[in-house]
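The structure appears below as structure tokens.
The numbers here are math on the coordinates, done by the rules we state, and not lab data. Here the structure is a predicted model, which is why all the values come from computation and not from measurement. Please note: Cβ atoms are built from the backbone with ideal geometry, for glycine as well, and neighbour counts cover all protein chains shown.
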Amino acid sequence: MLICRSAVEDMVDHARHEAPNECCGFLLGGRETIEEGVRANNLTPTPNRYLVDPRDHFAVIRQARIRGCIVVGTYHSHPTSVAIPSAVDLEQASSTGYLYVIVSLLTNPDGGPIGAFRFVRGGFERVHLEAC
């Protein structure tokens, strides 16, 4: 899957801005491309939890329709851990069609600030992202 560099930069900037709490947002694009990260309000701002404001969810769906793209997934940050799903992430995952992106403010073993995953058969599978 392709991801625009500007989307990565925007998500990392959002994570830094909200630290030490988690940030959250949506991913806009197409079937194989993430073009943009759209910020959402975290209704439970804490360092290890997030809850997307439902008003933001509906607004981003409308925005995607107007722009002729789709909501391909969500993102959130891990301010003090690497970009892999936590037990809380697994507990809260429900949509097999969505891409789940995690933004870390730490250096990841693979060198990047983000990890992408799909929820499949009760667990997460890593999705390879390539910059465009």
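So here's what we get for this one:
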{"quantity": "Correct option for percent of Cα pairs over 21 Å apart [calculated from the coordinates] among (i) 33; (ii) 38; (iii) 51", "calculated": "(i)"}
{"quantity": "Cβ-based net charge around L28, under 10 Å, with every Lys or Arg adding one and every Asp or Glu removing one", "calculated": "-1"}
{"quantity": "Sites matching trypsin sites (Lys or Arg not before Pro) across the range 1-34 that sit in DSSP coil, with at most 12 neighbouring C-beta atoms within 10 Å", "calculated": "R31"}
{"quantity": "Added length on full extension, which subtracts the Cα-Cα distance from 0.36 nm per residue, L106 to R126", "calculated": "5.4 nm"}
{"quantity": "Cleavage-rule hits, trypsin sites (Lys or Arg not before Pro), the range 38-132, DSSP coil, Cβ neighbours within 10 Å at most 12", "calculated": "R121"}
{"quantity": "Expected 222 nm ellipticity per residue - DSSP helices of 4 or more, -39500 (n - 2.57), all of the chain, to 500", "calculated": "-8000 deg cm²/dmol"}
{"quantity": "Amide H contacts of A40 (H built 1.01 Å from N, under 5 Å, at least 5 apart or other chain)", "calculated": "C24, G25, F26"}
